[in-house]
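Only the coordinates and a few stated rules stand behind these numbers; no lab work does. These figures come from a predicted structure and were not determined experimentally. All Cβ positions, even for glycine, are placed from backbone atoms using ideal geometry, and neighbour counts span all protein chains on display.
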Amino acid sequence: MKENIELAREEEKLHLQTLQILNKVQYSPRPATLVAIFDHAQSVEEERRF
């Protein structure tokens, strides 16, 4: 029983550490992705004009 409680505490500690690490991860899209997004937005805007 005591081992189960200790195991649960260790798992909770690891879970919190994982969440803290994931909160530090930042996503930065590749330049090619940004170009594709802006090209698509521009083509949609041009279609709306006509």
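Residue-wise HN-Hα couplings along the range 2-17, as the Karplus relation 6.51 cos²θ - 1.76 cosθ + 1.60 with θ = phi - 60° gives them from phi, are 4, 5, 5, 5, 5, 5, 4, 5, 5, 5, 5, 4, 5, 4, 5, 5 Hz; Gly and Pro carry x. The 3J(HN,Hα) values that the Karplus relation (6.51, -1.76, 1.60; θ = phi - 60°) gives for the range 29-41 are, in residue order, x, 5, x, 5, 5, 4, 4, 4, 5, 5, 4, 5, 4 Hz. Gly and Pro appear as x. Both numbers refer to the Cα atoms of the chain; Rg and Dmax are 23.3, 72 Å. Annotation for GLU11 and ARG48: the two label points, set 7 Å from Cα along the Cα-Cβ direction, are 5.0 nm apart.
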